[in-house]
Amino acid sequence: MQSDTTPSQVTRTTVTDNIVEIRDVYYSVGHRSIFSGLNLSIPRGRITAVMGPSGTGKTTLLRLITGQIRPDRGQVLFDGIDVSQLSRRELYRLRLRMGMLFQNGALLTDMNVFENVAFPLREHTDLPDALIRNIVLTKLQAVGLRGAARLSPAELSGGMARRVALARAMATDPEMLIYDEPFTGLDPISMGMIVRLVRQMNYALGITSIVVSHDVDEISILADTSYLISGGKVVASGSFVELKDHESEIVHQFMNGLADGPVPFHYAPAPDYFTQLLSDDT
Amino acid sequence: MNTFRELFENLREFAVAVGAVTMFLLRMLRHLPRAITRPSLIVEQIYNSGALSLVIIMICGVFIGAVVGLQGYEVLQRFGAEESLGVGAALALLKELGPVVTALLFAGRAGTALASEIGLMRATDQLTAMEMMAVDPVLRVAVPRFLGGAISLPLLAMIFIGIGLYGVQLIAVQQLGVDAASFWSQMRAAVRVDDVTDGLVKSCVFGVVCSLIAVYEGYTAIPTAEGVGRATTRTVVISAVLVLMLNYMLTAVMLR
């Protein structure tokens with residue numbers, strides 16, 4: 001692929017076996033602390049899952065890794081490059097090495113499937129139309145949607161939209177693919193297709209994958225390593241079996257889908273139930 | 001004391017908003033040279049903002065012209081000056097009604113379409129997806145739409161004025177019996193090039209302002225259904241108020 005800029009122009013600090021390293025990251029929104037001393041590493045060439053209850057900052061973590069937001073403190077390193085220190089131009093260079101699959105696909109609604117997949121190629125390369133056509137058809141064939149090339153995004157099911165988005169994310173052959181809740185709202189067949197594609201893409205192309213999800217069953221068959229985040233920190237990490245056997249209460253509650261536990265069923269700041277029923281206050 | 005504090009707070013918010021819009025405009029202007037190298041994107045937006053607004057502009061132009069014809073005739077005949085209707089109508093349409101009414105219609109049709117389109121792109125992560133593909137949404141989405149709108153409005157205003165004059169003569173000449181030769185010859189004799197350029201300058205300014213407000217409101221919309229709705233409403237309200245305010249200021253400067 002031709003590109004007008006090269007990521008190697010960005011200065012690297014260290015090169016390790018981890019493509020992403022989060023070091024002692026603090027991040028708050030207003031007075032609400034999202035991360036307080038978060039540390040985790042994403043090994044190169046593997047599928048890493050990031051799990052956690054809703055609202056723990058899984059998507060925020062992805063936004064930190066991709067440089068959409070900057071941490072209040074700490075380092076977010078991609079291939080040794082501190083993402084939070086980059087200018088917009090440098091960040092865009094770096095993002096050519098990443099692909100991201102959004103929860104809803106985020107396909108461009110004024111273009112059909114073919115043009116959506118061709119979009120990053122047309123924006124970043126001077127390739128002739130005939131070559132772009134071949135690349136797009138190859139990517140669509142890989143996700144099983146070559147026959148849907150002329151459909152508009154509105155004509156696609158949720159699962160199909162995500163597969164098109166995956167083909168688009170793969171169009172520029174990135175080194176790392178990030179999946180934000182890829183299984184949400186899908187039927188079992190579509191879910192199975194996405195699981196298969198994530199594995200195929202990762203190992204056939206030798207890339208790194210980060211999957212943010214709270215679908216424990218899918219993660220169990222997909223991820224090589226998993227992190228469980230809660231309360232702004234990593235509370236457990238390791239293989240799926242290690243997480244399943246973890247002694248922490250929060251890990252046990254999450255992995256077994258228990259309704260009550262360290263994450264309470266009732267939202268905390270509420271007065272006593274009977275006192276409130278008998279009073280006039282709402 | 002509270003009133004002063006509220007007033008100060010409102011003024012501060014207003015200053016912040018003006019600053020944010022100015023920064024956004026400067027960001028778009030920085031991208032302008034690169035955006036011009038892809039004229040197909042701009043032409044597409046001229047079609048969306050301009051061509052798709054043609055019907056509403058033409059219908060409104062005929063009726064505004066017809067009303068100007070009726071009211072103008074009613075007033076001028078009291079002084080036996082109905083032959084001058086062409087001059088009065090042409091000046092009113094060229095200098096005031098054409099640019100202002102077209103801008104208000106543009107804000108209502110194309111402005112709301114731009115704001116809601118960009119706002120929905122924000123709400124459905126399309127703009128974030130572009131950023132993740134290392135494509136600057138300001139360059140790819142905002143600038144072509146801004147340019148498309150800014151170019152379309154003066155063209156629409158000229159069409160509105162032409163159709164409006166047709167509406168005036170339809171009522172004055174065809175229906176009320178004003179002499180056609182006097183109507184057109186007096187108009188040709190009295191209307192100067194300055195009158196045309198005044199209207200053109202106004203519509204160019206309104207084109208920039210209406211497109212900027214629409215694109216900015218859409219781009220900064222809160223990514224929810226309510227947020228997009230609010231951005232669309234704000235586009236119409238802010239554009240209408242600014243158009244009327246600027247029209248007064250420009251008229252005052254032009255008449256000096």
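Any read-out appearing in this document is the output of simple, stated calculations on the displayed coordinates, not a laboratory observation. Computed from a predicted model, the values in this text were never measured in an experiment. Neighbour counts are summed over all protein chains in view; Cβ atoms, including those assigned to glycine, are modelled from backbone coordinates with ideal geometry.
Choose one of A:Pro269, A:Ser84, A:Phe114: the residue whose Cα lies farthest towards the positive end of the charge dipole of chain A (beta-carbon charges +1 Lys, Arg; -1 Asp, Glu; about the Cα centre).
About the Cα centre, the residue reaching furthest to the positive side is A:Phe114.
List the lysines whose Cα sits under 27 Å from the Cα of A:Lys58, skipping any in the same chain fewer than 8 residues away.
Correct list for A:Lys58: A:Lys233, A:Lys244.
With a ≥ b ≥ c the root eigenvalues of the C-alpha gyration tensor of the stretch B:159-233, is it rounded (a/c under 1.5), prolate (a/b larger than b/c) or oblate? Before the final figure, lay out the partial values.
Numbers: a/c = 7.81, a/b = 2.44, b/c = 3.19.
Verdict is oblate for the stretch B:159-233.
Restricting to chain A, compute how many DSSP beta bridges are antiparallel as a %, nearest 5. Could you put the intermediate results ahead of the total?
Numbers: 21 of 38 bridges.
Antiparallel: roughly 55 percent of the beta bridges in chain A.
Report the charge-dipole magnitude of the protein assembly as shown in Debye, nearest 20, computed about the Cα centre from +1 at each Lys and Arg Cβ and -1 at each Asp and Glu Cβ. Numbers along the way, then the final one.
Numbers: 44 positive and 49 negative charges, 296 e Å.
With Lys and Arg at +1 and Asp and Glu at -1, about 1420 debye.
What's the center-to-center distance, using Cα atoms, between the stretch A:26-42 and the stretch A:133-177 in Å?
The distance from the Cα centre of the stretch A:26-42 to that of the stretch A:133-177 comes to 34 Å.
Taking 37 °C and 0.692 mPa s as the conditions, I'd like the Stokes-Einstein D for chain A in µm²/s, using the Kirkwood hydrodynamic radius from alpha carbon pairs.
Working: Rh = 20.3 Å.
My calculation gives 161 µm²/s for D.
Write down the Kirkwood hydrodynamic radius of the stretch B:109-197, to one decimal in angstroms, obtained as one divided by the mean of 1/r over all alpha carbon pairs. Please list the in-between numbers first.
Working: mean 1/r = 0.0591 Å⁻¹.
Kirkwood hydrodynamic radius for the stretch B:109-197: 16.9 Å.
Just to confirm a number: summing +1 for Lys and Arg and -1 for Asp and Glu over residues other than A:Ser213 whose beta-carbon lies under 11 angstrom from that of A:Ser213, what do you get? Mind showing how you got there, number by number?
Numbers: positive: A:Lys58; negative: A:Asp180, A:Glu181, A:Asp215, A:Asp217, A:Glu218.
Spelling it out: positives minus negatives among the neighbours equals -4.
Within 10 Å of each Cβ in peptide A:101-113, how many partner chain Cβ atoms are there on average? Round it to a whole number, please.
The shielding value for this peptide is 4.
Could you give the dipole magnitude of the stretch B:39-255 about its Cα centre, charging the beta-carbon of Lys and Arg +1 and that of Asp and Glu -1, in debye to the nearest 20? Don't jump to the answer; show the numbers that get you there.
Working: 11 positive and 15 negative charges, 21 e Å.
For the stretch B:39-255, the charge dipole is close to 100 debye.
Assuming 0.36 nm per residue, please report the length gained on full extension of the stretch A:Ala154 to A:Asn39 beyond their Cα-Cα distance. List each step's numbers first, then the result.
Details: separation 115, 0.36 × 115 = 41.40 nm, distance 3.99 nm.
Result for the pair: 37.4 nm of gain on full extension.
Taking amide hydrogens as modeled 1.01 Å from N in the peptide plane, which residues meet the under 5 Å criterion relative to A:Val20, leaving out close sequence neighbours?
A:Ile42, A:Asp79
At 222 nm, what helix-only mean residue ellipticity would chain A give, in deg cm²/dmol to the nearest 500, using -39500 (n - 2.57) for each DSSP H run of four or more? Mind dumping the intermediate values first?
Details: 10 runs with 99 residues, N = 282.
Helix-only estimate at 222 nm: -10500 deg cm²/dmol.
When the dipole is taken about the Cα centre of the stretch B:173-243, and only Lys, Arg (+1) and Asp, Glu (-1) are charged at their Cβ, what size is it in debye, to the nearest 20?
It comes to approximately 80 debye.
What fraction of the DSSP beta bridges in the protein assembly as shown is antiparallel, stated in percent and rounded to the nearest 5? Please report the intermediate quantities before stating the final value.
Details: 21 of 38 bridges.
The answer is about 55 percent antiparallel.
Return the Rg/Rh value of the stretch B:1-160, two decimal places, where both radii are evaluated on C-alpha atoms and Rh is the Kirkwood radius. Write out the running numbers ahead of the final one.
On the way: Rg = 21.3 Å, Rh = 18.8 Å.
Checking Rg against Rh, the ratio lands at 1.13.
Please state, rounded to one decimal and in Å, the Kirkwood hydrodynamic radius that the stretch B:39-255 gives when every pair of distinct Cα atoms enters the mean of 1/r. Don't skip to the answer; put the middle values down first.
Details: mean 1/r = 0.0547 Å⁻¹.
Computed over the stretch B:39-255, the radius equals 18.3 Å.
Using amide H atoms built 1.01 Å from N in the peptide plane, name the residues 5+ places from A:Arg46, or on other chains, whose amide H lies under 5 Å from its own.
It is A:Ser209, by chain and number.
When you count, for each residue, the other Cβ atoms within 10 Å and take the mean per peptide, how do B:130-136, B:189-195, A:162-168 rank with the highest first? Working shown, then result.
Details: B:130-136: 21.4, B:189-195: 11.9, A:162-168: 27.3.
Descending packing order for the listed peptides: A:162-168, B:130-136, B:189-195.
Under 4 °C and 1.567 mPa s, how fast does the stretch A:13-63 diffuse according to Stokes-Einstein, given a Kirkwood radius computed over C-alpha pairs? Answer in µm²/s, whole number. Don't skip to the answer; put the middle values down first.
Details: Rh = 12.3 Å.
Rounded, D is 105 µm²/s.
Which of B:Ala172, A:Ala142, A:Pro153 sits farthest toward the positive end of the charge dipole of the protein assembly as shown, with +1 on the Cβ of Lys and Arg and -1 on the Cβ of Asp and Glu?
B:Ala172
Work out from phi, with θ = phi - 60° and the Karplus expression 6.51 cos²θ - 1.76 cosθ + 1.60, the ³J(HN,Hα) of each residue of the stretch B:106-122, listed in order in whole Hz, and give x for Gly and Pro.
Ordered by residue, 3J(HN,Hα) equals 4, 4, x, 9, 6, x, 5, 5, 5, 4, 6, 5, 5, x, 5, 4, 5 Hz.
Describe numerically, in nm with one decimal, the distance between label points set 7 Å from Cα along Cα→Cβ at B:Val43 and at B:Asp194.
3.9
Would you report the distance distribution of C-alpha pairs in the protein assembly as shown as whole percents per 10 angstrom bin, up to the bin with the largest distance?
Over the protein assembly as shown, the share of Cα pairs per 10 Å bin runs 3, 15, 21, 20, 16, 11, 7, 4, 2, 0, 0 percent.
Any chance you could run the full-extension gain for B:Met245 through B:Ala81? It's 0.36 nm times the residue separation minus the Cα-Cα distance, nm to one decimal.
Working: separation 164, 0.36 × 164 = 59.04 nm, distance 3.23 nm.
Residue separation times 0.36 nm, minus the Cα-Cα distance, leaves 55.8 nm.
So which helices of chain A fit the span-like rule, where a helix is a whole DSSP H run, its Cα atoms reach 24 Å or more along the axis, and its mean Kyte-Doolittle is at least 0.5? All intermediate terms of the calculation are to be shown ahead of the outcome.
Values: long enough: A:188-205 (25 Å, 0.69).
The qualifying helices are A:188-205.
For an R0 of 41 angstrom, estimate the FRET efficiency from the Cβ-Cβ distance between A:Ala270 and A:Arg73 and round to the nearest 0.05. Could you put the intermediate results ahead of the total?
Numbers: r = 33 Å, r/R0 = 0.80.
Step by step, r from the Cβ atoms, then E = 0.80.
With a Förster radius of 30 Å, plug the Cβ-Cβ distance of A:Arg196 and B:Thr224 into 1/(1 + (r/R0)^6) and report the FRET value to the nearest 0.05.
Working: r = 34 Å, r/R0 = 1.13.
In this case the efficiency is close to 0.30.
Counting only other residues whose beta carbon sits under 14 Å from that of B:Gly86, what net charge do I get with K and R as +1, D and E as -1?
Numbers: positive: B:Arg188; negative: B:Glu82, B:Glu83, B:Asp179, B:Asp195.
Around B:Gly86, the surrounding residues sum to -3.
Given R₀ = 45 Å, FRET efficiency for A:Asp280-B:Thr233 by Cβ-Cβ distance, to 0.05? Could the numbers behind the result be given before it?
Values: r = 37 Å, r/R0 = 0.83.
Here the calculated transfer efficiency is 0.75.
Tell me which residues come under 5 Å, amide H to amide H, from A:Ile229 once H is placed; ignore anything under 5 positions away on its chain.
Hits under the 5 Å cutoff: A:Met51, A:Gly52, A:Val235.
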